[in-house]
1. So which of 83, 38, 100 ends up being assigned to a loop (DSSP other than H, G, I, E, B), in contact with a Gly (Cβ under 6 Å, 6 or more places away or on another chain) and under 30 Å from residue 165 (Cα atoms)?
2. Quick one: which residue in 277, 255 is surrounded by fewer than 24 Cβ atoms within 10 Å (Cβ to Cβ) and at pLDDT below 80?
3. Is it the case that region 266-283 has a residue that's touching a residue at least 24 places away in the same chain (Cβ under 8 Å) and either β-branched (Val, Ile, Thr) or not assigned by the TED database to the domain that holds residue 17 (or both)?
4. Just a yes or no: is a residue in region 201-209 over 27 Å from residue 36 (Cα atoms), open to solvent by 60 Å² or more (accessible area, probe 1.4 Å) and not assigned by the TED database to the domain that holds residue 43?
5. Within region 203-213, identify whether any single residue is without any contact (Cβ under 8 Å) to a residue 40 or more places away in the chain and among the hydroxyl-bearing types (Ser, Thr, Tyr), and answer yes or no.
Amino acid sequence: MSKAPLMPVEDALDQLLGMANEQRLADSELLVLDEARGRVLASDLVATLDLPPWPNSAMDGYALNLADLHQQPLKVSQKVYAGLAPDTLLPGTCARIFTGAPLPPGATCVEMQENVEVLEDGRVRFLQPLKAGQNIRAQGQENRVGDILLRAGKRLGPFELAVAAGQGLAQLHVVRRPRVALLSTGDELVEPGQPLRPGSIYNSNRVLLGHWLRELGCEVIDAGILPDRPAQTRLKLEQLQVSVDLILTTGGVSAGDADCLGQVLRDNGKPLLWKLAIKPGKPLTVGHFGTVPVIGLPGNPTSALVTFGLLARPYLLRIQGVEDVMPLSFTVNAGFDWHKAGGRREYLRVKLEAGRAVLYPNQSSGVLLGATWADGLVEIAENSTHNAGDPLRFIPFNELF
């Protein structure tokens, strides 16, 4: 019997996002701005005031009405500082004004102080041609009342939170955190700080994925390490499904005798996809146990990194309402030859040096250290070879995180 073809990466992503669209979180909570970074806006942010609220000066200088320019030198009738309400400008005078200060009613332009001569008697002469509106920030230059400033589904970073603060908001409604059970599988795993048994390894995936999930706004339920026992695997999934939005696992999804998680999902759950045309990360498994989605990542650290970043991350953003879930990528030139055409799409750890992508020497899926050295991943299309200088798609790690 012939083997089933491996699923292309795009098809897997489409299926994951389709599943996410059906699992979108509807609940929200109200958070103060200092706690909202990284969360997703639950409703449109609509402007309740103009910004700026009034015309103001873009310079330290002098405000005047152009109609009075023929009367110069002009007497300075008032000083206007930021934070003070000015008086109406007296005819035939100007006002000393500072950056950000409200424009006095009656003034039509501002001249910077460098282009002004202050006479001994304090009157002011203007040395350059002037025009209406010069050096004035108009009311509503940034936004008007009723403008939609941020759409629902926007992830909130420092810029977005500052926009909310500029409208006087101290709190925002955000989508509630997805509850993600993080489950490691494998008899060989030992948690850091514990004695290392013969044949065992420390569990680095839990640390990597736990921090990554929290960066994505998730609430992480640490479900521990599960031994390679089908009955225990089934029982654990049954226990977890009642209280979480996603079960995220590492290991146990390949086709070996000890790969119990994939076996249990295929026998008792509803598998959606298994085995992708991706390297590293081929054994990725996605499905449902009961009604709860399960994403089973491969156990090798770099396989887990690549599949989480490219597939699980978009899913987790989409269930929170984010539409633009794909990381920014751009083209760089290869700093290496690649003559190993393979049937799976490959993602290689690279560093950018002088505008070229340089390979980490060891691209094994079990080597995590390369991620600390690299700036990101380059994509090698299926059945393709490349020479140094050829253009490749580059995905920065700081986009995935």
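1. On the way: 83 fails: in contact with a Gly (Cβ under 6 Å, 6 or more places away or on another chain); 100 fails: in contact with a Gly (Cβ under 6 Å, 6 or more places away or on another chain).
Every option except 38 fails the conditions.
2. Values: 277 fails: at pLDDT below 80.
Among 277, 255, only 255 is surrounded by fewer than 24 Cβ atoms within 10 Å (Cβ to Cβ) and at pLDDT below 80.
3. Yes; the residues of region 266-283 include at least one that is touching a residue at least 24 places away in the same chain (Cβ under 8 Å) and either β-branched (Val, Ile, Thr) or not assigned by the TED database to the domain that holds residue 17 (or both).
4. Just the residues of region 201-209 that are over 27 Å from residue 36 (Cα atoms), to begin with: 201-204.
If we keep only those that are open to solvent by 60 Å² or more (accessible area, probe 1.4 Å) as well, we get 201-202.
Now drop any that are not not assigned by the TED database to the domain that holds residue 43, which leaves 201-202.
Checked against the condition, which is being over 27 Å from residue 36 (Cα atoms), open to solvent by 60 Å² or more (accessible area, probe 1.4 Å) and not assigned by the TED database to the domain that holds residue 43, region 201-209 yields at least one hit.
5. So the first thing to find is which residues in region 203-213 are without any contact (Cβ under 8 Å) to a residue 40 or more places away in the chain, and the list is 203, 207, 210-211.
Of the ones still in play, those that are also among the hydroxyl-bearing types (Ser, Thr, Tyr) are none.
No, the conditions are met nowhere in region 203-213.
For every residue, the table says whether it meets (1) closer than 22 Å to residue 245 by Cβ; (2) open to solvent by less than 20 Å² (accessible area, probe 1.4 Å); (3) touching a Phe, Trp or Tyr at 6+ places or on another chain (Cβ under 9 Å); (4) modelled with pLDDT of 95 or more.
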position	(1), (2), (3), (4)
126	no, yes, yes, yes
134	no, no, no, yes
144	no, no, no, yes
182	yes, yes, no, yes
190	no, yes, yes, no
196	no, no, yes, no
225	yes, no, no, no
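For every residue, the table says whether it meets (1) more than 30 Å from residue 43 (Cβ to Cβ); (2) over 30 Å from the mean Cα position of the chain (by Cα).
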| position | (1), (2) |
| --- | --- |
| 223 | yes, no |
| 232 | yes, yes |
| 246 | no, no |
| 252 | yes, no |
| 309 | no, no |
| 316 | no, no |
| 320 | no, no |
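To keep it simple, each residue is scored yes or no on (1) within 19 Å of residue 348 (Cβ to Cβ); (2) assigned to a helix (DSSP H, G or I); (3) among the aliphatic types (A, V, I, L, M).
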| residue | (1), (2), (3) |
| --- | --- |
| 281 | yes, no, no |
| 288 | no, no, no |
| 295 | no, no, yes |
| 299 | no, no, no |
| 302 | yes, yes, no |
| 307 | yes, yes, no |
| 310 | yes, yes, yes |
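The values are calculated or read from the model by the stated rules, or taken from the named source; none is laboratory data. On a predicted model such as this, the values are computed, not experimentally measured, just so you know. Glycine also receives a Cβ, built like all others from the backbone with ideal geometry; neighbour counts cover every protein chain displayed. Side chains included, ligands, DNA and RNA excluded: accessible areas come from the protein's heavy atoms. Shrake-Rupley method; radii C 1.70, N 1.55, O 1.52, S 1.80 Å.
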